[in-house]
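Asks: Mind looking over this structure? Questions follow.
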Amino acid sequence: MNNPSREEIKEVLDNAKTIAVVGLSPNPNRTSYMVSEAMQKAGYRIIPVNPVADEVLGEKSYASLKEIPEPVDIVNVFRRSEFLTDLAEEFIEIDCPVFWTQLNVVDDNVFKSLTEQGYTVIMDRCIKVEHAILK
């Protein structure tokens, strides 16, 4: 598994406007909330994907990626690695260009499958850290 270069990641972040965050917790003490809040403050539109939350960070939450009624530039995943296969299948259905997983969330088969299908895949990287380094 080879993530894109820092230059390619910078281009992804520079071109993105909307980030769907799978597993975004409404709890301000959770990492998913803190990272998403920082990205929201940096100017990105955050769309929560959490079936047990109605709203997070002032945005309507959706139960699944397929329910989001608008295009998404990045899907950022805060779920355990064992959920990536199912998430990747749903990701393909919404035709988002970038599949990003947070630290310690890795599945080599998903990485290989999505990259072979032409998607940009970034795994085991914190989007907030990458944004801070590359801005």
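The values are calculated or read from the model by the stated rules, or taken from the named source; none is laboratory data. Keep in mind that what you see is a predicted model, and the values were worked out from it rather than measured. Don't worry about glycine lacking a Cβ; one is built from the backbone with ideal geometry, like all the others, and counts go over all protein chains shown. Please note that ligands, DNA and RNA were not included when accessible areas were found on the heavy atoms of the full protein model with its side chains. Shrake-Rupley method; radii C 1.70, N 1.55, O 1.52, S 1.80 Å.
Asks: Quick one: Gly43 ticks every box in (1) farther than 25 Å from Asn27 by Cβ; (2) part of a loop (DSSP other than H, G, I, E, B) except a single one, so which number is it?
Replies: (1)
Asks: Spot the failing condition for Glu11; the list is (1) surrounded by fewer than 20 Cβ atoms within 10 Å (Cβ to Cβ); (2) within 14 Å of the chain's Cα centre (by Cα); (3) assigned to a helix (DSSP H, G or I), and only one is missed.
Replies: (2)
Asks: Please go through the stretch 69-93 and give me each residue that is closer than 16 Å to Arg45 by Cβ and either assigned to a strand (DSSP E or B) or touching a Pro at 6+ places or on another chain (Cβ under 8 Å) (or both), ordered by number. Show your work before the answer.
Replies: Narrowing the stretch 69-93 to residues closer than 16 Å to Arg45 by Cβ: 69-76.
Result: Asp73, Ile74, Val75, Asn76.
Asks: A further question on this structure: Could you please let me know if Arg6 is out of contact with any Pro (no Cβ under 7 Å at 6 or more places or on another chain), among the charged types (D, E, K, R) and open to solvent by less than 90 Å² (accessible area, probe 1.4 Å)?
Replies: Details: out of contact with any Pro (no Cβ under 7 Å at 6 or more places or on another chain): yes; among the charged types (D, E, K, R): yes; open to solvent by less than 90 Å² (accessible area, probe 1.4 Å): no.
For Arg6, the condition - out of contact with any Pro (no Cβ under 7 Å at 6 or more places or on another chain), among the charged types (D, E, K, R) and open to solvent by less than 90 Å² (accessible area, probe 1.4 Å) - is not met.
Asks: Scan the stretch 109-122 for residues that are open to solvent by 70 Å² or more (accessible area, probe 1.4 Å) and in a loop (DSSP other than H, G, I, E, B) and jot them down.
Replies: From the stretch 109-122, those open to solvent by 70 Å² or more (accessible area, probe 1.4 Å) are 109, 112, 116-117; that's our starting set.
Within the stretch 109-122, Gln117 is the sole residue that qualifies.
Asks: Pick from Thr115, Thr101: which is free of Cβ contacts under 8 Å to residues at least 12 places away in the same chain and closer than 12 Å to Asn3 by Cα?
Replies: Working: Thr101 fails: free of Cβ contacts under 8 Å to residues at least 12 places away in the same chain.
It is Thr115.
Asks: Residue by residue through the stretch 18-30, note down the ones that are over 12 Å from Arg79 (Cβ atoms) and either touching a Cys at 6+ places or on another chain (Cβ under 8 Å) or open to solvent by 10 Å² or more (accessible area, probe 1.4 Å) (or both). I'd like the intermediate steps shown before the answer.
Replies: If we filter the stretch 18-30 for residues that are over 12 Å from Arg79 (Cβ atoms), which is where we start, we get 18-20, 26-30.
Thr18, Ala20, Pro26, Asn27, Pro28, Asn29, Arg30, listed by residue number.
Asks: With respect to the numbered conditions (1) surrounded by 19 or more Cβ atoms within 10 Å (Cβ to Cβ); (2) touching an Asp or Glu at 6+ places or on another chain (Cβ under 8 Å); (3) closer than 16 Å to Asn3 by Cβ; (4) in contact (Cβ under 8 Å) with a residue 60 or more places away in the chain, which one is the sole condition not fulfilled by Val106?
Replies: Answer for Val106: the failing condition is (1).
Asks: Among the residues of the stretch 74-86, which ones are over 19 Å from Tyr33 (Cβ atoms) and open to solvent by less than 50 Å² (accessible area, probe 1.4 Å)?
Replies: At the first step, the residues of the stretch 74-86 found to be over 19 Å from Tyr33 (Cβ atoms) are 81-82, 84-86.
Once the filter is applied, which keeps residues that are over 19 Å from Tyr33 (Cβ atoms) and open to solvent by less than 50 Å² (accessible area, probe 1.4 Å), the stretch 74-86 yields Ser81, Leu84.
Asks: Exactly one condition in (1) open to solvent by 70 Å² or more (accessible area, probe 1.4 Å); (2) in a loop (DSSP other than H, G, I, E, B); (3) in contact with an Asp or Glu (Cβ under 8 Å, 6 or more places away or on another chain); (4) not polar (S, T, N, Q) is not met by Lys66; state its number.
Replies: Exception for Lys66: condition (2).
Asks: Considering (1) under 25 Å from Glu67 (Cβ atoms); (2) in a helix (DSSP H, G or I), say which one Trp100 fails and leave the rest.
Replies: Condition not satisfied by Trp100: (2).
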